[in-house]
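Each remark here refers to the structure printed beneath this line.
The values are calculated or read from the model by the stated rules, or taken from the named source; none is laboratory data. Here the structure is a predicted model, which is why all the values come from computation and not from measurement. Ideal geometry is used to build each Cβ from the backbone, glycine not excepted, and the neighbour counts take in all protein chains shown.
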Amino acid sequence: MAAKAKMRALIAKGMIGQKPKISKGLPAGSILECADNSGAKKLRLIQVIGYKGRLRRVPSASVGDRITVSVRRGRPEMRKNLFQAVVVRQRKCYRRADGIWVQFEDNAAVIITPDGEMKGSEIRGPVAKEAAERWPRIASAASIIV
């Protein structure tokens, strides 16, 4: 019964379905571009939300993961603050179920609110299909889905 309630809560937050196995290319401390128009430019990955790891293993994120970031460059009121974000692009190549390998030219994330709404109103650049399937609100704002 508790599992059904947890699943309903995830669907209500905007996360739908299970995440496929993707190569994790963003360890904690990575610098990402901010792909939306929220006012941030550069983000530093602090923690992967929902990560359960091992002693001394660095948490890593991949496309579609919800992460905690700090704003390194951007508007003064946003700098040095913590926000939640979703990874929409990664430079490390990963394999899709149909056999093709996907790789982007930069690492990028979109800042979201704790309930899963986007902070900005538009997304610059392409968004990975895996992130768009898992986060429908990001998919509706994306101009290109690869």
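Whether any residue in the stretch 8-22 is among the hydrophobic types (A, V, I, L, M, F, W, C) and at pLDDT 95 or above is what I want to check.
Taking the stretch 8-22 as the starting set, the residues that turn out to be among the hydrophobic types (A, V, I, L, M, F, W, C) are 9-12, 15-16, 22.
If we keep only those that are at pLDDT 95 or above too, we end up with none.
Checking the stretch 8-22: not a single residue is among the hydrophobic types (A, V, I, L, M, F, W, C) and at pLDDT 95 or above.
Starting from the stretch 93-114, take each residue that is touching a residue at least 12 places away in the same chain (Cβ under 8 Å) and over 21 Å from LEU32 (Cβ atoms) and list its partners that are in a loop (DSSP other than H, G, I, E, B) and of a type outside the set (Lys, Arg), counting only C-beta distances under 7 angstrom and pairs at least six apart or across chains.
Close Cβ pairs (under 7 Å, with a partner that is in a loop (DSSP other than H, G, I, E, B) and of a type outside the set (Lys, Arg)) amount to ALA97/PRO20.
Among the residues of the stretch 42-68, which ones are of a type outside the set (Val, Ile, Thr) and either more than 15 Å from the chain's Cα centre (by Cα) or assigned to a loop (DSSP other than H, G, I, E, B) (or both)? Working first, answer last.
Going through the stretch 42-68, the residues of a type outside the set (Val, Ile, Thr) turn out to be 42-45, 47, 50-57, 59-62, 64-66.
Once the filter is applied, which keeps residues that are of a type outside the set (Val, Ile, Thr) and either more than 15 Å from the chain's Cα centre (by Cα) or assigned to a loop (DSSP other than H, G, I, E, B) (or both), the stretch 42-68 yields GLY50, TYR51, LYS52, GLY53, ARG54, LEU55, ARG56, ARG57, PRO59, SER62, GLY64, ASP65.
If you go through the stretch 80-97, how many residues are among the small types (Gly, Ala, Ser) and in a strand (DSSP E or B)?
Matching residues across the stretch 80-97 total 1.
Residue check: is ALA141 under 21 Å from GLY25 (Cβ atoms) and either at pLDDT below 95 or not charged (D, E, K, R) (or both)?
On the way: under 21 Å from GLY25 (Cβ atoms): no; either at pLDDT below 95 or not charged (D, E, K, R) (or both): yes.
Spelling it out, it is not the case that ALA141 is under 21 Å from GLY25 (Cβ atoms) and either at pLDDT below 95 or not charged (D, E, K, R) (or both).
Report the residue count in the stretch 69-105 for those that are within 17 Å of ILE22 (Cβ to Cβ) and over 13 Å from the mean Cα position of the chain (by Cα). Before the answer, list the steps.
So in the stretch 69-105, the residues within 17 Å of ILE22 (Cβ to Cβ) come out as 85-104.
Filter once more, keeping what is over 13 Å from the mean Cα position of the chain (by Cα): 91-104.
Total meeting the criteria: 14.
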